[in-house]
1. From the phi angles alone, apply the Karplus equation (6.51, -1.76, 1.60; θ = phi - 60°) to segment 17-25 and give each ³J(HN,Hα) in whole Hz, x where the residue is Gly or Pro.
2. Counting only protein heavy atoms and using a 1.4 Å probe, what share of the accessible area of segment 1-45 belongs to carbon plus sulfur, as a whole percent?
3. Return the distance in nm (one decimal) between the two label points of a simple spin-label model at Ile87 and His30, each offset 7 Å from Cα along Cα→Cβ.
4. I'd like the Kirkwood hydrodynamic radius of the chain, using the inverse of the mean 1/r over distinct C-alpha pairs, in Å.
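The values are calculated or read from the model by the stated rules, or taken from the named source; none is laboratory data. Because the structure is a prediction, the values reported are computed rather than measured. Ideal geometry is used to build each Cβ from the backbone, glycine not excepted, and the neighbour counts take in all protein chains shown. Each accessible area value is taken on the protein alone, full model and side chains, heavy atoms only, with ligands, DNA and RNA left out. Shrake-Rupley method; radii C 1.70, N 1.55, O 1.52, S 1.80 Å.
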Amino acid sequence: PADLATFETGARYQMYHALALLLLAWAITHWPEQAGLLVTGGWLFLAGSVLFSGSLYILVLSDLTWLGAITPLGGVAFVAGWLCLLIAAWRS
């Protein structure tokens, strides 16, 4: 049950940030002057998905417990991506 909850957390965050990537695509079309910042945010969301969700998936499937140390780096990337989106929105 604990592994299933961990896997579901990874899937949930990956889904949220896939939707955030769609939001970024919309934002780029409406705020082209902020495209550089928004593209950076997109790369941060992608990195966060790989590091956060990916490490949780591998942790559950392989029992490599040291991967738990990588997961927070993905969380930091997610937060940085949201900050890029917020700053772009603020400037527009």
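1. Each residue of segment 17-25 in turn: 7, 5, 5, 5, 5, 5, 4, 5, 4 Hz.
2. Carbon-and-sulfur percentage of accessible area, whole number: 72.
3. For the pair Ile87/His30, the computed spacing is 2.1 nm.
4. Computed over Cα pairs of the chain, the Kirkwood hydrodynamic radius comes out at 13.5 Å.
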